[in-house]
Every structure is written in C-alpha cells, then in structure tokens.
Amino acid sequence: MNTRLSAITLNTFREAVRDRVLYNLIIFVLLLVASAPLFSQISIGMQRLILVNVGLSSISLFGVIIAIFIGIGLVSKEIEKRTLYTILSRPVRRWEFIAGKYFGLMMTLAVNAGLMTLGFYIALFITQGVLKPADAWMLVSIYFSVLEFLMMTAITLLFSSFSSPIFAAIFSFALFVIGTFADDLRNFAALAQGVTKWLATGAAYAVPNFASLNVISRVAHDQHIAGKLILYNTAYALLYSAAVVIAAILIFERRNLK
Amino acid sequence: MKQTRKNIATAALLLVGCFAGSVFALRAVDESRGNEATLEEVLYLPSSKMLKRLSLGYSGLLADIYWTRAVQYFGSKHLQHSQRYDLLYPLLDIATDLDPHIIVAYEYGSVFLAQQPPEGAGEPDKAVALIQKGIRENPKYWRLYFNLGFVHYIDRNDPRAAQEAFEKGSEVPGALPWMKVMAARMAEHSKDPGTAAALWEGVLQTSSDHSVQNTAKLHLDSLKADLDIQELERRIQIYRERTGSLPADWAAMERTGLLHGIPLDPNRAPYKLLADGKVEVQDASKYPYLGEWLYNQERPY
C-alpha cells in the first residue's frame, strides 16, 4: 500500500475511533451480550441458543449500523470542514482518497468486530463454563458478518460520494434491507416470465445478497458450514465490494468540488 | 487529459469485470448452499408472535412476504411432483397470523393443503383448520364458508360437515343464494357426483386465479369421464346379458341400439373399449383425478 493511501486509511481509523457514537455502540453491544444470560433465565433449555442468537445478531447489526453512520460522513464531512481541499491540494489522487477512506472504515469495523467477538466468547464461556470445539463455528458467522461490513461500507461510501449524509443513510439502509431479502427477489425472478423476469433477475444481481451471509441460525444449531460456501461467499463479497468502490471512485473523479 | 480518460476506461472495465465476477460467485454460492434455502431457514423463527413484534408494525408487509414464500414453496414442490409439503402449513399459518385478513391465503392455501399429493399436501384437516381460522378473523366473508364446505365434501368426504358449513355461510349477509342450494344438495344427494361437479363448477366460476381454474377444469373433466365410464360399463353389461359375449368394438354396441355413435370423452377423444369389457380414456394424463370420486365413495368417514 502506498504511503498516501495508508495515511488516509490510518487517519480515517483514528477519526472513527475518536467518534463518541462508536464507543457508545460498542458498550451497548457488550451490554447486550452480557445481558443475554439474563434473558435466557426466563426460557427453558435455551440459554446457549439465546446467547448465540443475540450475540451474533448484535455483532452483525451493530457493525452494519456503524458502517452506515460512519460511512455517510466520510466524504461529506471532509467537504463541510473544507479539509478535502487541503488533502487534494497535496499530491493525493481522488481514487486514493476514496480507497483510503474505505480501508480506514473497514479497519475500524474489523477492530470493532474483534472486540465484539471477544465479548461474545467471554459471555459464552460464562454461560457454558467451558468453550467447546463446536463453538468455533461461530467464528464463521462472525467472518460472514465482516464480509457483510465489507459490502455495506462500499455501498455507504458509494452513496456518500454523491449525496448528502441523510440521503446516503436512507439509501444504504434501504439497500441493506433489500439485500437481506435478496433470496426472495431471486425466487421471484425465477418464477416470473418475459420482461419482468429479466428486470427482476437484473435487480436481484445488482443488489447485494446478504441472505447467504447470514448463517447465525445454523451455527446456533451447531450445523456445519461447507468450506465451499465460505470460499464463494468470500469471492462474492470481495468482487461486489470492489465493483461498488470502483463505482464510487468513478463518481468522485467526475464530481465538481468547486 | 488523455491519461485521465484512460484511467476512467480502465476503472470502468474493472467495475464491469468485478460485477460480472460477483454474479458468477453468487451463482457458485447458490450451488454450494444446495437445498438449504430461505424457506428452510424461515422456520427457525416459527413463532408468528415474535415475528409480529420484530416487524415493527410492518406485519402486513411481512405477511405478504410469507404468503409469497408459501406460493413459491408450493409451486416448486408441485413442479417436483413432491409427495411431502411439510413447510406449507407453517408458512400459511405464519402469513395469516401476521395478517389475519389476507383472504387469498385462506382461499388458495386451503386448496393447496387439501388436494392429494402430488397435486397438494394431502392435509385436508389442516386446510379445515386454516379456513376456520379465516372465518374466525373474517366472519363477514361468506366465501370462506364455501371453501370450508368444499374441503369437507370433496377432500374429507364429510357431507354433514359440508352441509353445516354451507348453511352457516348462507346466513352471512350478502351470501349468494346458491349457498342454500348447496346446503340442501348436501342433505339430499350427499353421495352424488353431480354435487361434486356443481362444487367444482362453483370454484371455476368464482375463482379469478388461472391455476385454480385449471385445477377445477381438470376435476370437472375427470368427474365427467368417471360418470361416462360408469355408464358405458353398465351398458356393456346389458350387451353381455343380451348376447352372451362382450362387444368387440363400439360399432357392435351401436348395432344393438345401446349406443348412438362412438362415445367421446370431455376432450373429444373416443373412449377405449378393452377386451375384458372395461372402459378407459385415451390419454390418462388429461384426467389426473380419474377414479378419485369412486375411491372417495368407499372411504369410511
């Protein structure tokens, strides 16, 4: 990674870490994970299941929320504070600025996910008294959540590169919701006919598919996740994110900043 | 300037390449997921009460999604000629819990549930439970009583319960007068295939869905063919009593005056006369419910 890119990446990370909202969310997630054993007191024989569902869902959801709320301000905040002009007046290319912002936010999210994972496993250890080999499958679900963040960060950055923070948040959240129902959209496309089929199929591939990245219910029931699925999901998330980041770069390259 | 254009073109090419790659990767993801699909995962959340809370007030939207999933599930199983439709009732139950006024789910869902496999789930009792739930939630919708009477009569072979359903339905303000007629027919001609035909005719006339209309037509054709075959075999017995042998062809029957012309099935194809005096249709695939009525008559309900 060149020095300009790494400088923007690290600065984005530092800025995000200094952000109070970020700390609040981490504390909230840790509280939620810690309270899961309390929730399970009111149910029978579900202690571990509730903890896993609450913990993994929190990691995924809060990661996405962080990605959206930090991501929407990545470009607009720099324009608002006029720091963007200082950056771009130096020998920094626009694509380096966007890519640096992306990697910086991803770094923040990866660190967040790591902290949340630690909290989750501590809660699991407290609940069970021991960590079993089957508990390692939870890491696959967390890894898939990180892939989800990869895509969500790219999407937020794309919207952030041309619209206001509020609209970027609305668009990103809407796409996240659509992405969670991507399987339904493709089932619909498969059953449709004629032009509707083509349109629905196009839309189904254009929106992110988060359905295949959600394996929380399966790992909660100790179900095996195929190696192939991990590999293909990784390839999908990387390629899709790359396509979206390139689109963001193309838009930002042509944006009039005067 | 030239360099910038080149960079943009490269970036655009990369974008297209990455997006195309993501489509292929997603297809590979689908293949590796195999049969494990959304529908199987749906039931990890079998509680509609929990779903209703999670929907944050958008339970109507969620109900539509569940109803769509039920239709997709039924459609895909139907195409596979499946003998089992395990998730159909839970999906319908969740959809109708989320939105108790989703009438189509009761009307068509009960048809999907009641028919024998592979045409349906073969669970008429669950179909009855679904319609009764619909009636509880929508007491003014008289057509649900028709659906209830229909399932009781056709799929459960319980004319008394069917009569009760038609009678109750006829008391709902706005119900068509033929609900009373149907109740009377249940009482008088409970084992009459003509009554069954009248019920299917009712479905054909009242349904706006193409696939339901098609099913009703197949049932009507099969019933008509059943009645024709019964009548033809009765006449063959008369021929045998008169001549001491079975007819070699339809022409032999015509000569004795027992028939006027070659008998044709509802699809205008001539019936087949077998050597043992039995009668069959030319193309059985056009009559998937052939013999069902006779089978139903013998069921000890």
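The values are calculated or read from the model by the stated rules, or taken from the named source; none is laboratory data. Computed from a prediction, not measured in an experiment: that's the story for all the values here. Every residue, glycine among them, receives a Cβ derived from its backbone with ideal geometry; neighbour counts consider all protein chains shown.
The condition (being more than 9 Å from chain B (Cβ to nearest Cβ), modelled with pLDDT of 90 or more and within 17 Å of the chain's Cα centre (by Cα)) is satisfied by just one residue among A:Ala248, A:Ala237: A:Ala248.
Against the criterion of being buried (at least 24 other Cβ atoms within 10 Å of the Cβ), of a type in the set (Gly, Ala, Ser), assigned to a loop (DSSP other than H, G, I, E, B) and in the same structural domain as B:Met186 (by TED's automatic domain parsing), B:Ala121 qualifies. Considering the stretch B:133-161, the residues that are in a helix (DSSP H, G or I) and hydroxyl-bearing (Ser, Thr, Tyr) include one that is farthest from B:Gly109 (Cα to Cα), namely B:Tyr153. Exactly one residue among B:Asp228, B:Asp221 is touching a residue at least 60 places away in the same chain (Cβ under 8 Å), closer than 30 Å to B:Phe146 by Cβ and among the charged types (D, E, K, R), and that residue is B:Asp221.
All of (1) closer than 18 Å to A:Ile65 by Cβ; (2) polar (S, T, N, Q); (3) more than 11 Å from every other protein chain (Cβ to nearest Cβ) hold for A:Asn256 with one exception: (1). Would you check if A:Ser241 is closer than 30 Å to A:Pro133 by Cβ and touching a residue at least 40 places away in the same chain (Cβ under 8 Å)? No: the conditions fail for A:Ser241. Restricting attention to the stretch B:98-131, the residues that are within 20 Å of B:Ser59 (Cα to Cα) and at pLDDT below 90 add up to 7. A:Val146 passes every criterion in (1) assigned to a helix (DSSP H, G or I); (2) at pLDDT below 90 apart from (2). Taken together, A:Gly100, A:Gly114, A:Gly129 contain a single residue that is free of Cβ contacts under 8 Å to residues at least 24 places away in the same chain and over 21 Å from A:Phe144 (Cα atoms), which is A:Gly129. Looking at the stretch B:89-106, which of its residues are closer than 18 Å to B:Asp155 by Cα and surrounded by fewer than 24 Cβ atoms within 10 Å (Cβ to Cβ)? Residue satisfying the conditions is B:Tyr89 alone.
So, A:Lys228, is that one of a type outside the set (A, V, I, L, M, F, W, C) and within 7 Å of chain B (Cβ to nearest Cβ) or not? Please lay out each step first, then the result.
Values: of a type outside the set (A, V, I, L, M, F, W, C): yes; within 7 Å of chain B (Cβ to nearest Cβ): yes.
In short, yes.
Working only within the stretch A:11-68, note down all residues that are among the polar types (S, T, N, Q) and either at pLDDT 75 or above or buried (at least 22 other Cβ atoms within 10 Å of the Cβ) (or both). Selection gives A:Asn11, A:Thr12, A:Asn53, A:Ser57, A:Ser58, A:Ser60. For B:Trp200, the conditions (1) touching a Pro at 6+ places or on another chain (Cβ under 6 Å); (2) modelled with pLDDT under 85 are fulfilled apart from (1). Taking the criterion of being crowded, with 17+ Cβ neighbours inside 10 Å and either under 10 Å from B:Pro266 (Cβ atoms) or of a type outside the set (A, V, I, L, M) (or both), the only residue of the stretch B:236-246 that qualifies is B:Tyr239. Taking the criterion of being surrounded by fewer than 18 Cβ atoms within 10 Å (Cβ to Cβ) and under 14 Å from the mean Cα position of the chain (by Cα), the only residue of the stretch B:61-75 that qualifies is B:Gly75.
Just one of the numbered conditions (1) without any contact (Cβ under 8 Å) to a residue 24 or more places away in the chain; (2) under 16 Å from the mean Cα position of the chain (by Cα) is not true of A:Ser58: (1). Within the stretch A:93-120, the set of residues being away from chain B (no Cβ under 14 Å) and surrounded by fewer than 18 Cβ atoms within 10 Å (Cβ to Cβ) comprises A:Met107, A:Ala110, A:Val111, A:Gly114, A:Leu115, A:Leu118.
Screening A:Ser217 on (1) of a type in the set (S, T, N, Q); (2) in a loop (DSSP other than H, G, I, E, B); (3) modelled with pLDDT under 80 shows it passes everything except condition (2).
So which residues in the stretch A:159-188 are within 11 Å of chain B (Cβ to nearest Cβ) and part of a helix (DSSP H, G or I), if there are any at all? Before the answer, list the steps.
So in the stretch A:159-188, the residues within 11 Å of chain B (Cβ to nearest Cβ) come out as A:177, A:180-188.
A:Val177, A:Thr180, A:Ala182, A:Asp183, A:Asp184, A:Leu185, A:Arg186, A:Asn187, A:Phe188 - these are the residues of the stretch A:159-188 that are within 11 Å of chain B (Cβ to nearest Cβ) and part of a helix (DSSP H, G or I).
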